[in-house]
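Colleague: Below is the structure I would like to discuss, written out as structure tokens.
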Amino acid sequence: QVQLVESGGGLVQPGGSLRLSCAASGSIRNIFSFYIMGWYRQAPGKQRELVASINSGGSTNYADSVKGRFTISRDNLKNTVYLRMNSLKPEDPAAYYCNARLLTAAPAGGSWGQGPQVTVFS
């Protein structure tokens, strides 16, 4: 019912930057602003982990590993959430998934994007 289309993945050098976008559509229409939006990542052999999230009031939460380097933001008029990634490190490569959920739902109970790959190379 909720569709999340991601864009912006790709290849960057260590220390480089990248911005991911996640556009929401479907049943999220008209109520996007009520959703908690998040970015998760999953590297090969690892579990999916929270990178950053932003709630309807604009409050943000970041994993310690990305704090100070990544910034999550949202544009409710465009039904889009962004993840700006600066100072990328070799440990950052992963599939990055966009997540949308209401306050009463756990992330696993929400909707997910496709998880495009972000690769950091030297």
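The values are calculated or read from the model by the stated rules, or taken from the named source; none is laboratory data. These numbers come from a predicted model, not from an experiment. Every residue, glycine among them, receives a Cβ derived from its backbone with ideal geometry; neighbour counts consider all protein chains shown. These area figures cover heavy atoms from the full protein model, side chains too; ligands, DNA and RNA do not enter into them. Shrake-Rupley method; radii C 1.70, N 1.55, O 1.52, S 1.80 Å.
Colleague: Need one word for region 45-109: rounded, prolate or oblate. Basis is the Cα gyration tensor (sqrt eigenvalues a ≥ b ≥ c); a/c below 1.5 gives rounded, then a/b vs b/c decides.
Modeller: Details: a/c = 1.92, a/b = 1.33, b/c = 1.45.
Verdict is oblate for region 45-109.
Colleague: How many percent of Cα pairs in the chain exceed 23 Å?
Modeller: Summing the P(r) tail past 23 Å for the chain gives 23 percent.
Colleague: Could you pull out every one of the lysines with an alpha carbon less than 18 Å from that of K67, ignoring same-chain neighbours closer than 8 positions?
Modeller: Straight-line reach from K67, under 18 Å: K89.
Colleague: Where the Cα atoms of region 12-74 are projected onto their three principal axes, how long is each span, largest first, in whole Å?
Modeller: Principal axes ranked by extent give 39, 25, 20 Å for the Cα atoms.
Colleague: Counting Lys and Arg as +1 and Asp and Glu as -1, each charge on the Cβ, what is the dipole of the chain about the Cα centre in debye, to the nearest 20? Can you show the working numbers first?
Modeller: Details: 12 positive and 6 negative charges, 24 e Å.
With Lys and Arg at +1 and Asp and Glu at -1, about 120 debye.
Colleague: Leaving out ligands, DNA and RNA, and with a 1.4 Å probe, what % of the accessible surface on the chain is carbon or sulfur?
Modeller: 49
Colleague: In nm, to one decimal, how far is the T119 label point from the I31 one, both placed 7 Å along Cα→Cβ?
Modeller: Modelled inter-label distance: 4.0 nm.
Colleague: Suppose all protein chains stay in the model; what accessible area per residue would a 1.4 Å probe give for region 1-62, in Å²?
Modeller: 54
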